[in-house]
Amino acid sequence: MVPPAPLPPACQPGLARWDIWCRVIDNHGDLGVCWRLARGLSARGCAVRLFVDDPSALAWMAPQGGAGVQVLPWTEAGPWPEAAEVVIEAFGCDPPASVVAQMSQRPRPPVWLNLEYLSAEAYVERSHGLPSPQQGGLTKWFFYPGFTARTGGLLREDGLLAARQAFDGAAWLAQRGWAPRAGERVVSLFCYANPALPALLQRLAAQPTLLLVPPGPAQQALAGLTPRAGLRVQALPWLTQPDFDRLLWACALNFVRGEDSLVRALWAGAPFVWQLYPQHDLAHAAKLQAFLQQMQAPADVAELAMAWNGLAAGASGPAKRPPGQALPPIPALAASPWQQACLAWRAHCAAQHDLVTQLLLFAASRAGC
């Protein structure tokens, strides 16, 4: 399905300056989302300041920086510059109190948005766009990314799907010295620490596989494991965001983690398995189930995804999966129900306006532009 025609540039007069506040918790996903968002806004003509407490990952994520985006340190010290016309706090990180105080003193307060986490759960549609009154007469608006028309959509750069369609994965891998041997399938593995990793390697080794592994827990764990016949592991360096996208485009199967790489795997259109950030109370189980149901994932794919996330179906709902248990077989990839489901899901999401477009329109409507 062809994406909707681009709307006119939506950086309205009086809404051309945007601030994004980001805290890096324990992984790079928050900063990855914020950087893509900042670049998307700048591509629409907005001037963007990204305040971040740990920008170190941008050295490999975006080594060239980005036109129209200024990266500023978020330290405990002030004073802070006057807030822009639109202020985004990423994932409820709360801007400094002094910034909020000066926002409340302006004749026309900024449009204040809380960009929430991505989920397919039902509460997202109910909560998207709701106001939250704040002290000083301010209003914070909840903005939820999502997969349906009643949400804020997904980050998708202009021309992304056309670039994906024209991409030559075999040539790109060969240029980097990562070409598969004859008969090997190419699989990427980007995950959190996962006790099911040995079981996954056993499944992958059942068919000649080149496993491409970016830095992280998987690469660290694989360094200490005995090589398996049928499985060739290639450790990768840190990749820029565009090259990470191309990695997913070049693979027949992608194991991804968190929010940013999930969206990039979705746009790649190849079969993928999503690992959510694990939570002790199994809150991630409902999130995964909602996603699999909304995507209409085939039953064998859903079973594999649940197992990879350490979950098993129980009489009263999902439960923790016994450690050391074998993973379900990896379903067929090419020309399979799994592949068809991924392509259909990508078309469904591409039929909606992207997140940056929706943010611009939402901010304009709340500012009375």
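The values are calculated or read from the model by the stated rules, or taken from the named source; none is laboratory data. Keep in mind that what you see is a predicted model, and the values were worked out from it rather than measured. In this analysis, Cβ positions are derived from the backbone assuming ideal geometry, glycine residues included, and neighbour counts consider all displayed protein chains.
Details
- The listed residues are LEU211, LEU266, and the only one of them that is of a type in the set (A, V, I, L, M), buried (at least 21 other Cβ atoms within 10 Å of the Cβ) and under 21 Å from ALA326 (Cβ atoms) turns out to be LEU211.
- Count - residues of region 351-363 that are surrounded by fewer than 21 Cβ atoms within 10 Å (Cβ to Cβ) and small (Gly, Ala, Ser): 1
- The single condition among (1) under 19 Å from the mean Cα position of the chain (by Cα); (2) surrounded by fewer than 21 Cβ atoms within 10 Å (Cβ to Cβ) that GLN340 does not satisfy is (1).
- Applying the condition of being within 22 Å of ALA367 (Cα to Cα), in contact (Cβ under 8 Å) with a residue 40 or more places away in the chain and within 23 Å of the chain's Cα centre (by Cα) to region 108-139 and asking which residue is surrounded by the most Cβ atoms within 10 Å (Cβ to Cβ) yields LEU115.
- Considering region 253-272, and only residues there that are over 20 Å from PRO331 (Cβ atoms) and either assigned to a loop (DSSP other than H, G, I, E, B) or at pLDDT below 95 (or both), the residue that is farthest from the chain's Cα centre (by Cα) turns out to be GLY258.
- Listed by position, the strands (runs of 3 or more DSSP E) inside region 22-107 whose residues that are surrounded by fewer than 19 Cβ atoms within 10 Å (Cβ to Cβ), of a type in the set (D, E, K, R) and in contact (Cβ under 8 Å) with a residue 12 or more places away in the chain number at least 1 are 47-52.
- Flag if ALA334 is touching a Leu at 6+ places or on another chain (Cβ under 8 Å), assigned to a loop (DSSP other than H, G, I, E, B), farther than 20 Å from LEU197 by Cα and in contact (Cβ under 8 Å) with a residue 60 or more places away in the chain: no
- Residues satisfying the stated conditions in region 119-166, i.e. in contact with a strand residue (DSSP E or B) (Cβ under 9 Å, 6 or more places away or on another chain), over 19 Å from GLY29 (Cβ atoms) and small (Gly, Ala, Ser): SER127, GLY129, SER132
- The lone exception for SER132 - which of (1) under 30 Å from ARG49 (Cβ atoms); (2) among the polar types (S, T, N, Q); (3) not in a strand (DSSP E or B) it fails: (3)
Listed here are the residues, each with its yes/no results for (1) in contact with a Phe, Trp or Tyr (Cβ under 8 Å, 6 or more places away or on another chain); (2) over 23 Å from LEU204 (Cβ atoms); (3) not in a loop (DSSP other than H, G, I, E, B).
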| site | (1), (2), (3) |
| --- | --- |
| PRO278 | yes, no, no |
| ASP281 | no, yes, no |
| ALA285 | no, yes, yes |
| GLN289 | no, yes, yes |
| VAL301 | yes, no, yes |
| ALA305 | yes, no, yes |
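- Verdict on GLY146 being crowded, with 17+ Cβ neighbours inside 10 Å and outside the structural domain of GLN241 (by TED's automatic domain parsing): yes
- Only residues that are more than 13 Å from ALA250 (Cβ to Cβ), buried (at least 18 other Cβ atoms within 10 Å of the Cβ) and more than 22 Å from the chain's Cα centre (by Cα) were counted in region 154-196, giving 1.
- Criterion violated by SER316 - all others in (1) surrounded by fewer than 21 Cβ atoms within 10 Å (Cβ to Cβ); (2) at pLDDT below 95; (3) in contact with a strand residue (DSSP E or B) (Cβ under 7 Å, 6 or more places away or on another chain) satisfied: (3)
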